[in-house]
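Scroll down for the structure; my scribbles are underneath it.
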Amino acid sequence: MTIDISLPEPRLQLDGTKFDTLDALESEAIHIFREVAGEFERPVILFSGGKDSTVLLHLAIKAFWPAPLPFALLHVDTGHNLQEVLDFRDHVVAKYNLRLHVAKVEDYLADGRLTERPDGIRNPLQTVPLLDAIAENRFDAVFGGARRDEERARAKERIFSLRNAFGQWDPKKQRPELWNLYNGRHSPGEQVRVFPLSNFTELDIWRYIARDNVELASIYYAHQRPVYQRDGMWMTPGVWGGPTEGEELQTLSVRYRTVGDGSTTGAVLSDAADNEAILAEVAASRLTERGATRGDDRVSEAAMEDRKREGYF
Amino acid sequence: MSDLHERSPRSETKLLRLATAGSVDDGKSTLVGRLLYDTKSVLADQIDAVTRASVDKGLSTPDLSLLVDGLRAEREQGITIDVAYRYFATPRRSFVLADTPGHVQYTRNTVSGASTAQLVILLVDARKGVISQTRKHAAVLALLGVPRLVLAVNKIDLVEDPAQVFADITAEFRSLTGSLGWDDADVQAIPVSALHGDNVAVASDNTPYYDGPTLIEHLESVPVDSDNEGKHAVGLRFPVQYVIRPRTAEFPDYRGYAGQVAAGSVVPGDEVVILPSGTRTTVTRIDTADGELDVAHAGRSVTLVLADDVDVSRGDTIAAPAGAPEPIDQFDATVCWLAEKPLRPGTRLLLKHGTRTTQAIVGALVERLDEQELTSELSPETLELNEIGKISVRVAEPIVADDYTVNRHTGCFLLIDPAGGNTLAAGLVGDAIAAVELGDRV
């Protein structure tokens with residue numbers, strides 16, 4: 001059984017007759033952004049520079065056009081990001097004249113509020129700076145680019161996900177989510193995490209990127225990069241260490257499927273340099289993006305659920 | 001209305017929203033795992049994880065339910081606790097599936113999953129047949145106006161005389177759904193074995209008595225009504241979400257009303273009425289970030305620009321003047337009570353309808369539905385968790401609603417606890433209970 005990987009029609013059909021899956025997903029996401037703008041005091045968009053948060057931002061800007069985006073951005077910088085991603089983040093902020101908050105894991109390590117893990121992985125350390133930034137800025141709604149197809153625990157999450165003052169998710173106490181009536185009521189100190197891309201799949205994201213010609217960080221497209229192999233993933237050398245003994249540095253044609261911490265996110269060997277080639281590659285892949293290139297999700301059967309319970313996305 | 005018909009979207013619907021329902025242990029998670037597996041929506045690393053976990057549990061074949069039961073507590077107990085959303089696609093359609101738990105205490109999750117579903121797969125265990133939980137689920141699905149059902153008679157390989165069992169269960173179920181108002185054409189019964197994959201993606205040699213479509217063939221080809229079709233097409237309903245006022249150098253005087261078309265459609269030049277004020281004006285443009293649209297149908301998020309500088313804000317509805325609903329501040333409603341704390345007359349709540357949230361007070365509890373017998377008890381003292389009843393409601397600000405049996409999107413509301421903010425009830429404007437009791441569904 002093959003799935004549709006053809007390039008979708010360019011943009012939206014202005015005669016209004018066509019309303020395909022991408023149109024439906026786009027309209028749903030825009031509806032969610034506008035609900036939050038209408039009901040919350042201080043929403044913020046979590047922006048990592050990755051493809052999902054880039055699509056999230058693209059949809060947010062469309063939702064309020066021609067007015068400026070009524071939300072700021074928040075980036076939790078692990079200190080282990082690829083430079084191209086940071087450059088892309090700053091480029092997008094400048095291009096759309098956005099406001100950006102950056103919470104840095106490095107600041108927490110420097111003054112001892114956080115301690116480096118023995119394995120050097122920084123993703124789990126993001127939770128504390130994230131929650132502090134939410135509290136300090138009194139953000140009451142926090143948009144994330146999470147998709148339900150990413151992971152089993154995410155498949156259980158509501159589009160409006162209530163978190164307590166500690167940012168914690170309790171899967172047994174979720175509110176029923178009925179029709180498209182989203183309940184954003186919360187007590188002071190509580191926050192709502194909002195996921196407008198919930199119903200997109202990885203392939204939908206790539207088809208949407210192709211249709212709307214969404215500009216992405218360059219690391220998503222095949223490029224020559226010095227890499228070494230570790231645990232079956234192609235890692236980039238960086239401040240996070242590596243290559244170590246026995247790990248050979250080679251320059252290969254690679255691209256990234258997800259953007260995360262440099263110490264745990266690997267590249268895949270690929271020659272896919274444009275959206276069409278990537279769509280074909282994603283559709284043919286026999287591995288999920290996380291299974292292929294995210295070391296932190298391999299930790300245990302419930303790695304994602306446990307981190308969400310701690311306040312992570 | 002020929003006008004509405006001409007404006008209908010002409011392209012085939014490629015996205016189907018569906019849900020599962022059924023009682024505990026009838027194999028819902030296995031069926032969903034099977035749908036994902038057979039549509040190749042599961043990738044190698046996910047299969048590897050399930051295979052490893054199955055071996056750890058001492059099983060000889062991969063337990064496909066582990067593909068979907070993602071929470072620690074679910075794996076510990078071997079049951080599904082919460083609604084999960086699954087995505088799969090075939091060359092003909094994409095599917096968003098709300099996989100709902102069967103435990104009685106999680107009926108509210110069945111309501112959540114079914115509220116947006118265009119089709120529900122109701123599972124029964126061939127060895128048990130139509131049980132009280134099946135009847136209850138069918139009644140809830142009827143109230144919620146789910147247009148189409150699939151009866152999946154699962155574990156058909158485990159009964160002695162499968163042809164007779166399938167015929168008997170199908171007949172009993174059709175009698176039930178007929179009395180709840182579904183046409184036979186909208187109910188498809190399929191004998192399946194989720195465990196072995198019989199009649200899920202591949203027609204089974206083990207069911208010679210069945211010559212209908214496989215489950216996937218049926219899901220790919222079943223008609224999906226748009227909101228402009230059906231016997232109750234209504235004109236434009238556009239709840240205003242947000243007023244777009246850029247106040248920028250480029251757009252100093254722009255004022256647009258952002259929202260999602262809830263029903264009907266709109267074209268530039270249409271005369272509209274702003275409710276509840278009753279002011280009339282004309283739509284001059286339908287804006288999107290990609291350009292102006294010639295027409296916007298139900299489901300599309302757009303921004304409307306109006307001819308006159310009228311007073312419109314979040315919570316108002318822009319509607320077609322012909323057949324526009326009267327704003328109401330006192331009405332009867334059917335509710336499914338979703339909270340532990342029972343509902344009593346006189347309770348003060350918040351009511352969210354469309355983009356309007358207003359204070360509400362519950363008057364009388366008019367009746368309570370017995371989903372088994374489809375009979376009502378009049379003037380109950382309370383509505384308890386998972387009970388369905390008819391109540392009278394008074395709201396502080398009028399709402400612009402259609403009867404739920406006429407339009408799902410404009411007839412639904414939430415009741416919210418003003419203290420904690422929790423969602424307490426799923427509400428349907430009008431007397432949906434009477435419609436179900438009379439077998440007169442949407």
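Read-outs throughout are calculated quantities, based only on the coordinates presented, and are distinct from any laboratory measurement. Predicted model only: the values in this text are computed from it and were never measured. Cβ coordinates were reconstructed from backbone atoms using ideal geometry, including for glycine residues, and neighbour counts include every protein chain displayed.
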Inset, instruction - Diagonalise the Cα gyration tensor of segment B:245-299 and give the resulting equivalent ellipsoid semi-axes, square root of 5 times each eigenvalue, largest first, whole Å. - result: 21, 16, 10
Inset, instruction - Convert each backbone phi in segment A:244-261 into a coupling constant with the Karplus relation 6.51 cos²θ - 1.76 cosθ + 1.60 (shift: θ = phi - 60°), then list the ³J(HN,Hα) values in order as whole Hz, x for Gly and Pro. - result: 9, 4, x, 9, 9, 7, 9, 9, 9, 8, 9, 8, 9, 9, 9, 10, x, 4
Inset, instruction - Among B:268, B:239, B:91, determine the one that fluctuates most according to a GNM of chain B built with springs between C-alpha atoms less than 10 Å apart. - result: B:91
Legend entry - Debye, to nearest 20: dipole size of segment B:184-319, +1 on Lys, Arg Cβ, -1 on Asp, Glu Cβ: 700 debye
Inset, instruction - Among B:344, A:122, rank each residue by its count of other Cβ atoms within 10 Å, from fewest to most, as a rough exposure measure. - result: B:344, A:122
Inset, instruction - Net charge near residue A:160: determine it from the other residues with C-beta under 9 Å of the C-beta of residue A:160, scoring Lys and Arg +1 and Asp and Glu -1. - result: +1
Legend entry - D_trans [Stokes-Einstein, Kirkwood Rh over alpha-carbon pairs] for the protein assembly as shown, 37 °C, 0.692 mPa s, µm² s⁻¹: 122 µm²/s
Inset, instruction - Using the Karplus curve 6.51 cos²θ - 1.76 cosθ + 1.60 with θ = phi - 60°, work out ³J(HN,Hα) for each residue of segment B:421-434 in order, rounded to whole Hz, and write x for Gly and Pro. - result: x, 6, 7, 9, 8, 8, x, 10, 5, x, 9, 5, 4, 4
Inset, instruction - Using DSSP, restrict attention to beta bridges with both residues in the protein assembly as shown and report what percent are antiparallel, rounded to the nearest 5. - result: 70 percent
Legend entry - For segment B:142-283: span of alpha carbons on each principal axis (Å, largest first): 75, 35, 21
Legend entry - Under 5 Å, built H, 5+ apart or other chain: amide partners of residue B:121: B:19, B:20, B:21, B:150
Inset, instruction - Give the total of Lys-Lys pairs in chain B with Cα-Cα distances below 30 Å; include a pair only if its members are 8 or more places apart or on different chains. - result: 25
Inset, instruction - Taking the Cβ of residue B:192 as the centre, find all other residues whose Cβ is under 10 Å away and add up their charges (Lys, Arg: +1; Asp, Glu: -1). - result: 0
Inset, instruction - Principal axes first, then extents: for the Cα atoms of segment B:297-442, list largest minus smallest coordinate on each axis, whole Å, largest first. - result: 53, 37, 23
Inset, instruction - Name the residues whose placed amide hydrogens come within less than 5 Å of the amide hydrogen of residue A:75, ignoring near sequence neighbours (fewer than 5 apart) on the same chain. - result: A:47, A:101, A:102, A:103
Inset, instruction - Among B:287, B:311, B:184, determine the one that fluctuates most according to a GNM of chain B built with springs between C-alpha atoms less than 10 Å apart. - result: B:311
Inset, instruction - Find the Rg to Rh ratio for chain A, where Rh is the Kirkwood radius over alpha-carbon pairs and Rg uses the same atoms. - result: 0.95
Legend entry - Value at 222 nm in deg cm²/dmol, rounded to 500, when DSSP H runs of n ≥ 4 in chain A each add -39,500 (n - 2.57): -9500 deg cm²/dmol
Legend entry - Long-range amide H partners of residue B:366 with built H, under 5 Å: B:390, B:391, B:392
Inset, instruction - On a 0 to 90° scale, report how tilted helix B:132-143 is relative to the longest principal axis of chain B, with both axes built from alpha carbons and the result rounded to the nearest 10. - result: 20 degrees
Legend entry - Eligible aspartates and glutamates near residue A:172 by straight Cα distance, threshold 16 Å, same-chain separation 8 or greater: A:157, A:305, A:306, A:310, B:69, B:74, B:76, B:82, B:99, B:340
Legend entry - Net charge of neighbours whose Cβ lies under 14 Å from the Cβ of residue B:166, counting Lys and Arg as +1 and Asp and Glu as -1: -4
Inset, instruction - Could you check how many percent of all C-alpha pairs in chain B are farther apart than 38 Å? - result: 29 percent
Inset, instruction - Output ³J(HN,Hα) for segment A:135-148: one whole-Hz value per residue in order, computed from phi by the Karplus curve 6.51 cos²θ - 1.76 cosθ + 1.60 with θ = phi - 60°, and x for Gly and Pro. - result: 5, 4, 8, 6, 5, 10, 9, 10, 7, x, x, 5, 10, 6
Inset, instruction - Could you work out how far helix B:28-38 tilts from the main Cα principal axis of chain B, as a 0 to 90 degree angle to the nearest 10? - result: 90 degrees
Inset, instruction - With springs only between Cα atoms under 10 Å apart, run a GNM on chain B and tell me which of B:332, B:308, B:370 wobbles the most. - result: B:308
Inset, instruction - Find how many whole Å separate the alpha carbon centroid of segment B:149-206 from the alpha carbon centroid of segment B:44-65. - result: 28 Å
